[in-house]
1. So is LYS196 under 30 Å from ALA271 (Cα atoms) and charged (D, E, K, R) or not?
2. Kindly provide the set of residues from the stretch 30-70 that are assigned to a helix (DSSP H, G or I) and either touching a Gly at 6+ places or on another chain (Cβ under 6 Å) or among the basic types (Lys, Arg) (or both), ordered by number.
3. Tell me which residues, restricted to the stretch 209-226, are under 23 Å from ALA180 (Cβ atoms) and not charged (D, E, K, R).
4. For residues that are buried (at least 21 other Cβ atoms within 10 Å of the Cβ) and among the hydrophobic types (A, V, I, L, M, F, W, C), scanning just the stretch 141-154, find the one that is farthest from the chain's Cα centre (by Cα).
5. Within the stretch 157-174, work out how many residues are in a loop (DSSP other than H, G, I, E, B) and either crowded, with 20+ Cβ neighbours inside 10 Å or free of Cβ contacts under 8 Å to residues at least 60 places away in the same chain (or both).
6. Tell me, yes or no, whether the stretch 95-115 has at least one residue that is at pLDDT 95 or above and of a type in the set (Val, Ile, Thr).
7. Search the stretch 107-120 for residues that are farther than 21 Å from GLY280 by Cα and pair each with any residue that is at pLDDT 90 or above and outside any loop (DSSP other than H, G, I, E, B) when their beta-carbon atoms are under 9 Å apart and the residues are at least 6 apart or on different chains.
8. Consider the stretch 202-224. How many of its residues are over 19 Å from the mean Cα position of the chain (by Cα) and farther than 17 Å from LYS170 by Cβ?
Amino acid sequence: MRFFRDFEFACAAGLILLALPRPAAAELPASVVEGAKKEGEVVLYGTFAGQATRTIRELFEKTYGVRVSIRRGDSEDLLNRLAKAKGSDAPFDVAAGNDAAMVPLEEKGLLEPFEPPAARKFPKQLVPANRGLTPWRVFAFGLNYNTQRLTAAQAPKHWEELLDPKWKRKFLVPNPALHASTLQFMLNLEKLLGPKWLSVVQGWAKQRPRIARDPAEEIPTLTSGEIPVAIGYIKDKFQFAGPIDFVKMDRYLVTVSYIAVSRGAPHPNAARLFTDFFLGPEPQQIIANLGDYVLHPDVEDRFRSEVTDDQLVPMRLPSPAERAAWTKKFREMFKYSAQ
């Protein structure tokens, strides 16, 4: 059973909404704001901010009088829809999604370069040089542990420590042959471990960990204490009820969520206005209050006392051919663990 703190987070988001001042988009040219009001609508597509989307949409509409239309879709759908768009036929104004969806769009020239003033102080290592994409959230991989089974001193301190025989069959791993971000994480371990990364992953497989379909599926097993350690997202500490904490490390590999203006957007001014608004302190605070790691420096989130932005290491995106090859390799490597 998944123990998501819906009511607590929704209430907290509402309190933040009441407490913060209304955004003014002061750094955008007045012509953009006026143009957006004349256009009257902005069309969003992709995966934005989960539970916070409705609150943010209503705040934007109340502030600027511009209607927000949302077309939801997963990463693959987003990629397919934008790839079919041509010039002024773009089906929406603003797109958002993870790196697997957004980076290919930028590479195909389907996104409009835009530097939102609200993102000016975001971590530089996460901002692509061409500025077609703007990061706003990260999912950081780490080691989670059950605090009723282990103290911080008893939990493994780094990735290689999972090779110790005492952790045999005592940790959880999302299946890299099924969960794309876990595959990406394993390939990017080279950034932290150097050439020995593959021998470490092979060593994990030999430890016969419990395999889950994705990080969320690990939670009941971890919170029950049946398995005391899990490779997963460190945000789980804040998004699930239960005795969860994460191991404090020097660096964290992260997958990045981006937002971008569509090239040939039907409502170009509204697209820029909404993008800058979305990246501002109030919407980002609402999202952070749900337990996500957002990037606006003025936001008070639950990570700030434990993780700093300079510890975040963006992961490269494997090519389709590389992903297919490693899916096959990881399926073979971890097959006995899934039995």
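1. No, not satisfied.
2. Once the filter is applied, which keeps residues that are assigned to a helix (DSSP H, G or I) and either touching a Gly at 6+ places or on another chain (Cβ under 6 Å) or among the basic types (Lys, Arg) (or both), the stretch 30-70 yields LYS37, LYS38, ARG54, ARG57, LYS62.
3. Keep residues of the stretch 209-226 that are under 23 Å from ALA180 (Cβ atoms), which gives 209-222.
Answer for the stretch 209-226, where residues must be under 23 Å from ALA180 (Cβ atoms) and not charged (D, E, K, R): PRO209, ILE211, ALA212, PRO215, ALA216, ILE219, PRO220, THR221, LEU222.
4. LEU143
5. First pass over the stretch 157-174, keeping only residues in a loop (DSSP other than H, G, I, E, B): 157-158, 164, 168-170.
Keeping just the survivors that are either crowded, with 20+ Cβ neighbours inside 10 Å or free of Cβ contacts under 8 Å to residues at least 60 places away in the same chain (or both) gives 164, 168-170.
Number of matching residues: 4.
6. No: the stretch 95-115 contains no residue that is at pLDDT 95 or above and of a type in the set (Val, Ile, Thr).
7. That search, which allows pairs on different chains as well, returns LEU110/ALA95; LEU110/ALA260; LEU110/SER262.
8. 1
The values are calculated or read from the model by the stated rules, or taken from the named source; none is laboratory data. Computed from a predicted structure; not experimentally measured. Here the Cβ is made from the backbone with ideal geometry for all residues, glycine too, and neighbour counts use every protein chain on show.
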